[in-house]
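Structure first, then comments.
The numbers here are math on the coordinates, done by the rules we state, and not lab data. Predicted, not measured: the structure shown is a model, and the values here were computed from it. Please note: Cβ atoms are built from the backbone with ideal geometry, for glycine as well, and neighbour counts cover all protein chains shown.
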Ligand code: OAD
């Protein structure tokens, strides 16, 4: 796919330059060029696997070993992947300009890793850290007492070998949001507060099919923000886009933010 015309990029750049406050919403597409499959496209994870068997609290209660087997595999696969030019450009941009809030639906930690790679100092890295709406693949949480810990390699051969809570002995689970679960309240509040104040909203690589995450773009639009969408395909947010930059994140985002 060819990149969007230079005039379209320049117009969107202008909207970003004018905005004092920007909210960025990313989805699985921003990590596609890092080799991480999206959820709904051709070859997407929810085309190959049944979410109801793997990504619900009921599934975990029924068969924690199976759920962990899938997440342990994803953890290993994603750990091999690296931030791509879209993650890096975003991290550089956020490190060098104030007033940008990054909200991500992704659990792959690639925004954090990009910030760690390119930020000049700890302050710039902290500025480039995302609000994680859907948790992290690399963290565990106790299914009984909510104790959280950095996760490691998981041996999913039996329930006994799964990670157990150092605080209460309960079974640990991946610290990701599953279907039917509430999102972390503070993350949602911070994301919507940023959206409500934004003068521009950059949406990268999400179908915008999952709420409340997609509501970040609607809230920004309602607050008067110019909405810029970077995606090679059609999305459910296209109707509210002021600028639609059709192309891959790894190609378009560096042009837009460079
Ligand atoms: P989807 O799989 O629904 O959408 C991925 C989007 O990325 C689509 O619009 C693609 O066109 C686009 N895309 C593909 N390749 C791209 C590229 N190289 N550059 C830019 N965009 C590209 O993923 P999400 O919208 O992120 O939730 O899915 C939302 C949530 O649904 C996920 O966070 C996950 C899932 O169930 C939880 O796990 C709670």
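If I model a spin label at residue 51 and residue 144 as a point 7 Å from the Cα along the Cα→Cβ vector, what separation in nanometres do I get? So the label points at residue 51 and residue 144 sit 3.0 nm apart. Take 76-87, 11-22 and order them by the average number of nearby Cβ atoms within 10 Å per residue, most first; the result is 76-87, 11-22. The distance from the alpha carbon centre of the stretch 175-203 to that of the stretch 129-159 is 19 Å, rounded to a whole number. Exposure proxy ranking for 104, 96, 158, based on other Cβ atoms within 10 angstrom of each Cβ and starting from the fewest, stands as 158, 96, 104. In plain terms, the residue of 45, 133, 110, 202 with the fewest other Cβ atoms within 10 Å comes first and the most crowded comes last, giving 45, 133, 110, 202. Working note: 222 nm ellipticity from helices only, DSSP H runs with n ≥ 4, each -39,500 (n - 2.57), summed and divided by the residues of the chain, gives -11000 deg cm²/dmol to the nearest 500. GNM remark for the chain: springs join alpha carbons under 10 Å apart, and the peak mean-square fluctuation among 242, 146, 175 falls on 146.
At full extension, residue 80 and residue 129 could sit 15.6 nm farther apart than now, given 0.36 nm per residue minus the alpha carbon distance. Relative to the longest principal axis of the chain, what angle (0 to 90°, nearest 10) does the C-alpha long axis of helix 185-197 take? Roughly 10 degrees, rounded to the nearest 10.
Over all distinct Cα pairs, what is the inverse of the mean 1/r for the chain, reported as the Kirkwood hydrodynamic radius in Å?
With all distinct Cα pairs of the chain included, I get 18.8 Å.
Label point of residue 186 set 7 angstrom out along Cα-Cβ; within the stretch 109-144, amide nitrogens under 13 Å from it belong to 131-132.
In terms of Cα atoms, the Rg and Dmax of the stretch 1-82 work out to 18.4, 54 Å. Once the convex hull of all Cα atoms in the stretch 216-258 is built, its volume per residue stands at 72 Å³.
Extent along the principal axes, Cα only, for the stretch 102-222: 51, 37, 24 Å, with the longest axis given first.
Summarised as an ellipsoid, the stretch 182-242 has semi-axes of 18, 14, 8 Å, derived from the eigenvalues of the Cα gyration tensor scaled by 5 and square-rooted, with the largest first. Along each principal axis, taking the top coordinate minus the bottom one, the Cα set of the stretch 55-161 gives 47, 27, 20 Å in descending order.
Each label was represented as a point 7 Å from its Cα along the Cα-to-Cβ direction; for residue 40 and residue 120 these points are 3.9 nm apart. Remark: 65, 150 ranked as 150, 65, counting other beta-carbon atoms within 10 Å and listing the fewest first.
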